[in-house]
């Protein structure tokens, strides 16, 4: 395997962006909020899997070097795949579920925090 297929991630990012924009029009709509959380979770999972595939199959990083998610994100940052590795650590900290963290942070995610993970157009 020498090439990663990025189409699913690109589609997920478009859907996440659409959900964030829509949720800004109705910030108190719980259904929209839940949809953005679901899209965010899905997109994060795709990113994590693509990073893992890249490290194993393209960068040829040994499995023994990637034992935890933090190892995965550190290696991804070392190779330039991630800019803000601390943000990735924070969203996967033990003890709370991602939906719980997202519900607590969604207003911030929809205004400034989304750039910690995914680049968004400048005109928001």
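Only the coordinates and a few stated rules stand behind these numbers; no lab work does. Treat the numbers as computed from the prediction; the structure is a model and nothing was measured. Ideal geometry is used to build each Cβ from the backbone, glycine not excepted, and the neighbour counts take in all protein chains shown.
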Each label point is 7 Å from the Cα along the Cα-to-Cβ direction; what then is the distance between the points at residue 15 and residue 79, in nm?
2.6
Note down the relative contact order for segment 1-56 as a percent, whole number, built from C-alpha pairs under 8 angstrom at least six residues apart.
43
Estimated distance in nm for a label pair at residue 53 and residue 7, the labels positioned 7 Å out from Cα along Cα-to-Cβ:
1.2
